[in-house]
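Report on one structure; see the data block that follows.
Please treat every number below as a calculation from the coordinates, not as lab data. Keep in mind it's a predicted model, so treat the numbers as computed, not measured. Backbone-built Cβ (ideal geometry, glycine too); neighbour counts: all protein chains shown.
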Amino acid sequence: MTINVAVIGSGPSGFYTVDALLKSGKDVRVDIIERLPTPFGLIRGGVAPDHQTTKKVARVYEKTALSDGVGYFGNVEVGRDVSIAELKEIYDAVVLAVGAPRDRKLGIPGEDKANVFGSADFVGWYNAHPDFKDLDPDLDTDTVVVIGNGNVAVDVARVLVKTDEEMTETDIAHHAHDAIQASPIRDVYMVGRRGPIEAKFTNVELREMGKLDDCVPVIDPAVLPDEVEGDWSDRDRRLKERNLATMKEFPDVDPTGKSKRVHFTFYAMPVEILGGDKVEAIRFERTKVENGRSVGTGETFDIECGMVIPAIGYFSEPFPGVPFDEQNGIVVHDDGRVGDGVYAVGWIKRGPTGVIGSNKPDGEQAAQQIFEDIADGSKPGSEALANLLAGRDVRAITYKDWQIIDAAETSSARPGAPRRKFITVDEMISALD
Ligand SMILES: Cc1cc2nc3c(=O)[nH]c(=O)nc-3n(C[C@H](O)[C@H](O)[C@H](O)COP(=O)(O)OP(=O)(O)OC[C@H]3O[C@@H](n4cnc5c(N)ncnc54)[C@H](O)[C@@H]3O)c2cc1C
């Protein structure tokens, strides 16, 4: 009998799992269950709005979604509309592909002040994720501090300093675009606790910072070593050499006519966010790197600013009905097997690391494990879920519904833009009615 599988989450790890299940050629049917009406997880809600080429991977996922034997239940949240225990009754296997949607905290005094936003929230806000529509950051400031030395930090800094024209061909949320373009932001500090060699930017993202229309990268040449030292793999060394070469070019970027600066600031760790109810400055302790780790030197300095965005990593939430490893912020699993017909893939399994493609092997492994563990299907699948949801008055969105929402977004785009994103779930549903 057909093996019925539910994949919870429609991000990369969910889609790679569906794809691997289909490619097996076995008698299998898969339903994707997604809490938002819109699919694709962080491809839509995380990847920067000006990196449309990266988002094109969604076209491949679309082919998977439209394949025979695949169903889509959007606007259905597991834990709210249906429990994992119920899904286990309906499906032979359940795959958790729910990502890591929360911010890792700095854990310093003042972090709860107004205008301090973790990057998950801030990125969600500018990418029109409905959860963050009410974030309402106050951008009436000339200085923003972004904490972190990875690609998400660069994304945030870049989106804050790009011009209206540079953002034309993007799908940034219109509310965020208006607020950022109206803002007097002039200086963005991107601060990392370690040095330029340890920074985790990829070279393409870093190079972009030297080619902006109205912004120059600022870097103290004194922090740049002559060459990459340390014990790195060949691959890492090559990346770091490229990054070092790029950073060495930054002081030569001509600032004439450019009104904004992104300051690459190294060897500093945040110790306190200062101000009244709202952030007014942030205090850092200077660090040095010993054996690859940053160590405080006791010397402090402050940067006055009106907004702080920690971009220091993501964290999963405990998922209702499955054991959670609080320390590592992932679901408890044995090489992907959670037990009792449940499997984990992507960021909820591995933690929030890697690029889109890093999720593919997880999907392939989960498919293999499912077929190792389950020889024959015995559960009812799709129709039973549809009936259960209908009985609860849950408005499930089909993939065809999403295509209508998609068409409504693309047809209302401003010239050059790929789409104008809906901001609320109600707006998305209204597009269908
Ligand atoms: C800001 C940012 C920018 C990035 N940019 C890039 C980039 O440019 N290039 C690159 O290669 N990688 C990038 N990445 C990494 C990439 O996005 C991740 O590797 C990938 O999205 C992880 O996939 P995932 O499926 O595990 O999680 P996600 O993409 O987060 O997908 C999880 C899905 O599960 C759904 N879900 C959660 N809970 C439930 C529930 N209870 N019920 C139903 N559904 C649920 C969510 O709504 C979501 O759709 C970026 C990541 C971030 C955070």
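Identify the GluC sites (Glu not before Pro) of the stretch 49-97 meeting these criteria: DSSP loop state and at most 16 other C-beta atoms within 10 Å of the C-beta. Please list the in-between numbers first.
On the way: sites: GLU62, GLU77, GLU86, GLU89; in loops: GLU77.
Those that pass, being in a loop and sparsely packed, are GLU77.
Report the net charge of residues surrounding GLN52, where surrounding means a beta-carbon distance below 9 angstrom and charges are Lys +1, Arg +1, Asp -1, Glu -1. Please report the intermediate quantities before stating the final value.
Details: positive: LYS55, LYS56; negative: ASP50, GLU169, ASP171.
After counting each charged neighbour, the total is -1.
Given labels modelled 7 Å from the Cα in the Cβ direction, how far is it in nm from ASP112 to SER412?
3.7 nm
Between beta-carbons, use under 13 Å as the cut-off and find the net charge around ARG102, counting Lys and Arg +1, Asp and Glu -1. Before the final figure, lay out each step's value.
Values: positive: ARG104, LYS105; negative: ASP103, ASP121, ASP131, GLU317, GLU326.
Charge balance in the 13 Å sphere: -3.
Report, in listed order, any pair from LYS23/LYS55; LYS105/LYS360; LYS26/LYS56; LYS63/LYS133; LYS56/LYS88; LYS55/LYS379 with a Cα-Cα distance greater than 25 Å.
Details: LYS23/LYS55 23 Å; LYS105/LYS360 28 Å; LYS26/LYS56 29 Å; LYS63/LYS133 30 Å; LYS56/LYS88 33 Å; LYS55/LYS379 35 Å.
Long pairs (Cα-Cα over 25 Å): LYS105/LYS360; LYS26/LYS56; LYS63/LYS133; LYS56/LYS88; LYS55/LYS379.
Among the trypsin sites (Lys or Arg not before Pro) in the stretch 255-304, which ones are in a DSSP loop with at most 15 other Cβ atoms within 10 Å of the Cβ? Mind listing them?
Qualifying residues, ordered by number: LYS258.
How large are Rg and Dmax for the chain when calculated on the C-alpha trace, in angstrom?
According to the Cα coordinates of the chain, Rg and Dmax are 22.8, 70 Å.
Would you be so kind as to identify which of THR287, ILE312, PHE324 lies farthest towards the positive end of the dipole of the stretch 185-324, taking Lys and Arg as +1 and Asp and Glu as -1 on Cβ and the Cα centre as origin?
It is PHE324, whose Cα lies furthest towards the positive end.
Sorted by mean Cβ packing within 10 Å, highest first, what order do the peptides 29-41, 385-397 take? Walk me through the intermediate numbers first.
On the way: 29-41: 24.4, 385-397: 15.3.
Packing proxy ranking, top to bottom: 29-41, 385-397.
Along the charge dipole of the chain, Cβ charges K/R +1 and D/E -1, which of LEU206, ALA157, ILE404 sits furthest on the positive end?
LEU206
Once you have the alpha carbon radius of gyration of the stretch 102-314, what is it after dividing by 2.2 N^0.38 Å, with N set to its residue count?
Details: Rg = 16.8 Å, N = 213, 2.2 N^0.38 = 16.9 Å.
With N residues counted in the stretch 102-314, Rg over 2.2 N^0.38 Å equals 0.99.
Please give the peptides 18-27, 347-356 ranked by average Cβ packing (other Cβ atoms within 10 Å per residue), highest first, as a rough proxy for protection. Intermediate values should be presented prior to the final figure.
Working: 18-27: 17.4, 347-356: 19.6.
Highest to lowest by the protection proxy: 347-356, 18-27.
Is the C-alpha gyration tensor of the stretch 1-114 telling us rounded, prolate or oblate? Criteria: a/c under 1.5 is rounded; beyond that, a/b larger than b/c is prolate, otherwise oblate.
The shape class here is oblate.
Which value, in debye to the nearest 20, gives the size of the charge dipole of the chain about its Cα centre, when Lys and Arg are +1 and Asp and Glu are -1 at the Cβ?
On the way: 50 positive and 73 negative charges, 143 e Å.
For this selection, approximately 680 debye.
When the dipole is taken about the Cα centre of the stretch 238-277, and only Lys, Arg (+1) and Asp, Glu (-1) are charged at their Cβ, what size is it in debye, to the nearest 20?
On the way: 7 positive and 6 negative charges, 53 e Å.
So the dipole magnitude of the stretch 238-277 works out to roughly 260 debye.
How far apart, in nm, are the 7 Å Cα→Cβ label points at ALA245 and ASP325?
Once both label points are built, they end up 3.8 nm from each other.
So for the stretch 102-314, averaging the separation of alpha carbon pairs under 8 Å that are six or more residues apart and normalising by length, what relative contact order in percent results?
Dividing the mean separation by the residue count of the stretch 102-314 yields 33 percent.
Using a Gaussian network for the chain with springs between C-alpha atoms less than 10 Å apart, which of these wobbles most: VAL188, VAL60, VAL76?
Among VAL188, VAL60, VAL76, the largest mean-square fluctuation in the Gaussian network model of the chain belongs to VAL60.
Please identify every one of the GluC sites (Glu not before Pro) in the stretch 178-248 that sits in a loop by DSSP and has no more than 10 other beta carbons within 10 Å of its own beta carbon. Spell out each step's value before the answer.
Numbers: sites: GLU198, GLU205, GLU208, GLU227, GLU229, GLU241; in loops: GLU198, GLU227, GLU229.
Taking the stretch 178-248 and a limit of 10 other Cβ atoms within 10 Å, the loop GluC sites (Glu not before Pro) found are GLU227, GLU229.
For the ranges 137-148, 246-257, 401-412, what's the packing order if you count other beta-carbon atoms within 10 Å of each residue, average per peptide, and put the highest first? Write down the numbers at each step before the final one.
Numbers: 137-148: 21.1, 246-257: 13.1, 401-412: 16.2.
By packing density, highest mean first, the sequence is 137-148, 401-412, 246-257.
Quote to one decimal, in nm, the extra length available between ARG186 and SER430 on full extension: 0.36 nm per residue of separation minus the C-alpha distance between them. Don't skip to the end; give the middle numbers.
Values: separation 244, 0.36 × 244 = 87.84 nm, distance 3.89 nm.
Length gained, ARG186 through SER430: 83.9 nm.
Once the piece of chain linking LYS278 and GLU169 is laid out straight, how much longer is it, given 0.36 nm per residue of separation minus the C-alpha distance between them? Don't jump to the answer; show the numbers that get you there.
Working: separation 109, 0.36 × 109 = 39.24 nm, distance 3.37 nm.
Contour length minus Cα-Cα distance gives 35.9 nm.
Restricting to DSSP H runs of at least four residues, report the calculated mean residue ellipticity at 222 nm for the chain, -39500 (n - 2.57) per run over all residues, nearest 500 deg cm²/dmol. Each step should come with its number before you reach the end.
Details: 15 runs with 133 residues, N = 433.
After summing the helix terms and dividing by the residues of the chain, the value is -8500 deg cm²/dmol.
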